[in-house]
Amino acid sequence: MSVLEKTPPREKVPAAVREPRITDEHGRRVRVWELALRYVLLLAVLALTIGPFLWQLSTSLKGPTEDIYSSPPTFLPGDPTLHNYERVADTIPVWDYALNSLKVATANVVTNCVGAALAGYALARLRYRGRRVATLAFILAMLVPVEGIIIAQFTTMRELGLNNTLIGVVLPGCIGAMNVLLMRNAFLNLPYEIEEAAFVDGANVWQRFLRIALPSVKGTLAVVAIFAFMGAWDDFLWPLIVLSDPSRFTLTIGLNYLHGTFANDERLVAAGTIIAVAPLIALFACLQRYFFRGVGEGAVKG
């Protein structure tokens, strides 16, 4: 037995174990301070966007004995209560107003999805004279402020006898120019070979539209539906102008009655705000799977 014993060789430790490496989606290395800066910016944006909603939710759950103007402010309610929501229903017919808003928003979603899909397909796929001029007209329509045409819209509704009706609220926004352009871009991203193969098989325009093009742009339809619902649900100026019967008021107009002339209960206003925002959150939760597909989803499946 020799005096000098051979020492066993050391096992090589992988580089990934010795030096943790953070990479982005492209495989490029990200420094720790850059990653920390990104998270700080994300938290700042989150606080600016979600913070006011959470503050309104907290205020709506606070009882009359809690001071909402305390310094420093208290975020969590000491004794949460739903009494403020009951008071909203006792102060105004909030559920009737919500039903009117739901009717307007649902009609706006249906008309925008159907009309924007038809117009977008015609602008993207059909060949006819004046197609570029029509596309330019939709682009220019987006540049016109609503306040500049609201008097003309009101005069048109009065001549049609649609003042003080929910149809008069829906009609001016039944098809949005931005929604038409979104659908046009979505249809343009579809490969032409699919429709050419369907045309060779004898499919007409409606069959190509309903069975090939439209199922391939579900994500963009979800975007249009969300935008149309939000625009109709949150609209305040146009319903305020065209409606005069309190029984036909939408929710945004009805919540205005929670602001008193000589007294103002912020807890009541916060509860009404949460009631108005809840349907939008529910809609986005239902359509978020399609929403994030965006407009670049035209691809062959199967």
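The figures follow:
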read-out: Sulfur and carbon atoms: percent of accessible area, the chain [1.4 Å]; value: 65
read-out: Heavy-atom accessible area order for Tyr128, Tyr85, largest first, 1.4 Å probe; value: Tyr128, Tyr85
read-out: Listed residues Cys113, Cys286, Cys174, most fluctuating in the chain (Gaussian network, C-alpha, under 10 Å); value: Cys286
read-out: Contact order normalised by residue count of the chain, Cα under 8 Å, 6+ apart, percent; value: 27
read-out: Probe 1.4 Å, accessible area per residue of the chain, Å²; value: 65
read-out: Kyte-Doolittle mean at least 1.0, axial Cα span of 18 Å or more - DSSP H helices of the chain; value: 32-60, 131-143, 218-234, 266-291
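The values are calculated or read from the model by the stated rules, or taken from the named source; none is laboratory data. This is a predicted model, so every value here is computed, not measured. Please note that ligands, DNA and RNA were not included when accessible areas were found on the heavy atoms of the full protein model with its side chains. Shrake-Rupley method; radii C 1.70, N 1.55, O 1.52, S 1.80 Å.
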